[in-house]
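Just so you know, all these numbers are worked out from the coordinates, no wet-lab data involved. In this text, all values refer to a predicted model and were calculated from it rather than measured experimentally. Don't worry about glycine lacking a Cβ; one is built from the backbone with ideal geometry, like all the others, and counts go over all protein chains shown.
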Amino acid sequence: MLNRQKEGELWSHRLNSPALGIALATFAILALELALIRWISGQVRIFAYFNNLTLIGAFLGMGLGIAAGRRRPGLVHLTLPSLTAFVAVLSAAEPLGLMHLEFPDPSIHMWGAEGANHSLVVLLRNLGIFGLLFAGLVWIFVCAGAFVGELFPRIPVLRAYSYDLLGSLLGIIAFTSLTWLGLPPPLWFLVGAAPLLYLSRRWTDVASLILCVGLAALSAQGAVFSPYNRIDLLPEQGSIRLSVNRDFHQYMHDLSEQNLAHPAHDDGLRNRLHNYRAAYDLPFIINDKRQRALVVGAGTGNDVQAALRATYSKVVSVDIDPDIIRLGQRLHPEQPYDDDRTVPIINDARAFFEQYQGAPFDAVVFGLLDSHAMFTSLSSLRLDNYVYTEQGIRAAFKQVAPGGHLSLSFSVFAGEWMADRIRWTVARATGRDPAVICHEMHYGCTFIVPAAGTNLHLERVPARFQRLQLSAPLASVRTTSDDWPFLYIRPDVFPWGYLLVLLGVLGLALISTPLAFGRELIKGRFDPVLFFMGAGFLLIETRGVTSLSLLFGSTWMVNSAIFAGILIMVLLANLAVEHFGLQRITPWVVALGFALSLLYALEPSSLNDHSLLVRGTLGALITGLPIGCAGVIVSILLSRSSAPAAALGSNLLGSVLGGCLEYLSMVVGLRALVLLAVVIYLCALLAAQGRDTAAQSSSP
């Protein structure tokens, strides 16, 4: 007890305002969480596909740290040294062999990042490394969470919770601002960690932060950091290779007549360039109607240049990553974005299809649009998942003019199952079985569907390209939809790797929770009601984010606004409980059940037929209601708790369970997450009733 007091006197007792301390701590936690999610993805490529596991690790660490903060306030002094040690390891990811670590599970296609062809020993080794990195991440947030755990009980609980939420909101706003300004990782860590210096005030923390910022700068190595990706450029055989998150993504090719005939090219390079040009030209030469073309996934501009070569009068190019478009504008050898006929648009392809109101296009062309990044840190979706659903392709086909056609190019490197899935998804969306032409550029095939009355000239397809005949019947292929948009999940492969990782996460939580709460765990410090509330909340938050992103697009700015809106909703709920003295939970439980019914019944894409105002109002109302109701219930429960810091920690630990359960959507679909949340909230209700019964029976 004496040691605890001495540790506390070093920092927490000298703060004039515990409320300010809570806000600064949660600001730092949120900003560092977002910084690590983005930075780790660019250092170890596998984390680009598992941002949600990084988020789960942060929740786990925060929950444990808040629970342990009162008992171990000295943990706070380990935050910045631990962060620096973690950054030091990942800064050396390449020499340590971590950069291209493969995930031990072939059940989902990750462009070669899945360990499908390795021995069991290698896969277990990789799983162990993955687990150690995850544990290191958790430890950082255990130490950071101790700031909140020590300060939280020093002021009234609802006031403390308001400052907790306010600091988190400001952390999101600050990191969004850094992203908008295009600032690099060193500043991410500097802004995120600076408030901790004010709280801890040790020279070791100053030295750690300086070293951390320096290592982050060293790791950048001249890369460009877009809102979605780490982008590296490398000249390669007359082209410019562009990699994102340590994976190959695309080339900037010079496919002009002059370069194809360049005398310095050997026959192998010249033939390869001719093949690339024919593959890019394919969607644009098969139709004589050539007024307007739309290219989604336009990237640095190879497809755009192909449309210009085919004499289209106007080419609208859409890509979600602004920095990739800017690199194309600056560095592409043929400068397609400088042509007056080109109109570049920065947007999510699915959002553009749904929102566009202009004249239709003679050619709607999907470039080799694929994602090496996640849709959101809350979900196991990738950025492009909703582009390739039945509803997404149907929205694209609606933009095809009479006499026009739709062309979708995709790498089928994963195998014929991928070609089957895309073929039948396109067929269900358009009502027409597409022609499938494989050109071998990056293992690519082009799926072509004409509009009614269109006369396509498939005889213009080069003879060396193959017409793929797919025989798998529709009944044997699981196509993608807005409810099940998991394009990359392999059929008939059990996800043992996923299961082991998630079991490892839950095992770590089970082992560490008693250590964080101490022997008092059985005396009521751990709050099972708030634990289940946290699990249910993360599931409805995930469902809400995916629904709103379908309505407004999955751009980083939309997602940032949604996360900020969620925090504002919870903050307002907490202020309402404090101001009005709300104590009864029953009305809010009924309201939550009604709100979840609406959320389950909502088909997000059905709102896209309405105006932006109607879409925004209804979408925000339907997704915000359950979040607001759950927020009121959590605040009331916190106000009743005799150990509010431990109760808040229990709530965050519940989010870990919710994050793990979110992976079930890969099997049952996203809509079923709402039903799963209902079951979890019922568990919370039963736990509350059981606790009330026990309290009544123990009273005189």
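Summary of values
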item: Shape of segment 160-317, Cα gyration tensor, a/c cut at 1.5; result: oblate
item: Three-way shape label, segment 141-208, alpha-carbon gyration tensor, a/c 1.5; result: oblate
item: Estimated FRET transfer efficiency when R0 is 22 angstrom, pair HIS274-ALA452 (beta carbons, to 0.05); result: 0.05
item: FRET efficiency, 1/(1 + (r/R0)^6) with R0 30 Å, evaluated for LEU183 and HIS13 via beta carbons; result: 0.25
item: Options GLY301, GLN329, GLY65, ranked by Cα towards positive dipole end of the chain, top entry (Cβ charges); result: GLY65
item: Cysteines having no other Cys beta carbon under 4.7 Å from their own, within the chain; result: CYS143, CYS212, CYS629, CYS660, CYS683
item: Estimated Rh, segment 274-346: Kirkwood, alpha-carbon pairs, angstrom; result: 12.1
item: Radius, Kirkwood style, for segment 24-167 when every pair of distinct Cα atoms is counted (Å); result: 16.2
item: Nitroxide proxy distance, nm - points 7 Å out along Cα→Cβ at TRP203 and LEU682; result: 6.1
item: Where labels lie 7 Å past Cα in the beta-carbon direction, separation of PHE248 and ALA472 in nm; result: 2.4
item: Ranked by how many other beta carbons lie within 10 Å on average, peptides 330-339, 294-303 from highest; result: 294-303, 330-339
item: Net charge of neighbours whose Cβ lies under 12 Å from the Cβ of TRP417, counting Lys and Arg as +1 and Asp and Glu as -1; result: +1
item: Charged-residue dipole, Cβ positions (Lys, Arg, Asp, Glu), the chain about Cα centre, Debye nearest 20; result: 1540
item: Segment 418-502 - Debye-derived log10 I(q)/I(0), Cα point model, q = 0.21, 0.22, 0.25 Å⁻¹; result: -1.11, -1.17, -1.32
item: Residue order, fewest to most beta carbons within 10 Å, for TYR161, TYR276; result: TYR276, TYR161
item: Protection proxy ranking, peptides 238-247, 23-32, average beta carbon neighbours within 10 Å, highest first; result: 23-32, 238-247
item: ³J(HN,Hα) computed for each position of segment 484-494 - Karplus, 6.51 cos²θ - 1.76 cosθ + 1.60, integer Hz, glycine/proline x; result: 10, x, 8, 4, 8, 7, 6, x, 6, 10, 7
item: Cα shape, segment 165-244, gyration tensor, a/c 1.5 rule; result: oblate
item: Acute angle (nearest 10 degrees) that the helix 528-552 long axis makes with the longest principal axis of the chain, alpha-carbon atoms; result: 30
item: With eigenvalues of the C-alpha gyration tensor scaled by 5 and rooted, segment 471-517, Å; result: 37, 12, 6
item: Computed [θ] at 222 nm, helices only, for the chain once each DSSP H run of length n ≥ 4 contributes -39500 (n - 2.57); result: -19000 deg cm²/dmol
item: For the chain, alpha-carbon Rg relative to the globular expectation (2.2 N^0.38 Å, N residues); result: 1.00
item: Volume per residue that the Cα convex hull of segment 417-567 spans, once the total is divided by residue count, Å³; result: 203
item: Size of charge dipole - segment 553-691 - debye, nearest 20, with Cβ of Lys, Arg +1 and Asp, Glu -1, no other charges; result: 280
item: Spin-label zone in segment 205-234 - amide nitrogen under 12 Å from a point set 7 Å from the Cα of ALA194 along the C-beta vector; result: none
item: Mean projection area, nm², convex hull over Cα of segment 356-490; result: 8.9
item: Whole-Hz ³J(HN,Hα) from phi, Karplus 6.51 cos²θ - 1.76 cosθ + 1.60, for segment 397-404, glycine and proline x; result: 5, 5, 8, 7, 6, x, x, x
item: Theoretical FRET efficiency, 1/(1+(r/R0)^6), r = Cβ-Cβ of ILE511 and HIS265, R0 51 Å, to 0.05; result: 0.25
item: 0 to 90° range, to nearest 10: angle between helix 18-43 axis and the chain longest Cα axis; result: 30
item: Cβ-based exposure ranking for GLU354, GLU541, in which fewest neighbours within 10 Å come first; result: GLU354, GLU541
item: Relative exposure of LEU510, LEU539, LEU676, LEU500, judged by other C-beta atoms within 10 Å (fewest first); result: LEU510, LEU500, LEU676, LEU539
item: Net charge, VAL674 excluded, C-beta distance under 13 Å - Lys, Arg +1, Asp, Glu -1; result: -2
item: Pair GLN329, GLN357: separation of 7 Å Cα→Cβ label points (nm); result: 2.6
item: Cα-Cα P(r), segment 581-680, percent of pairs per 10 Å interval; result: 14, 35, 35, 14, 2
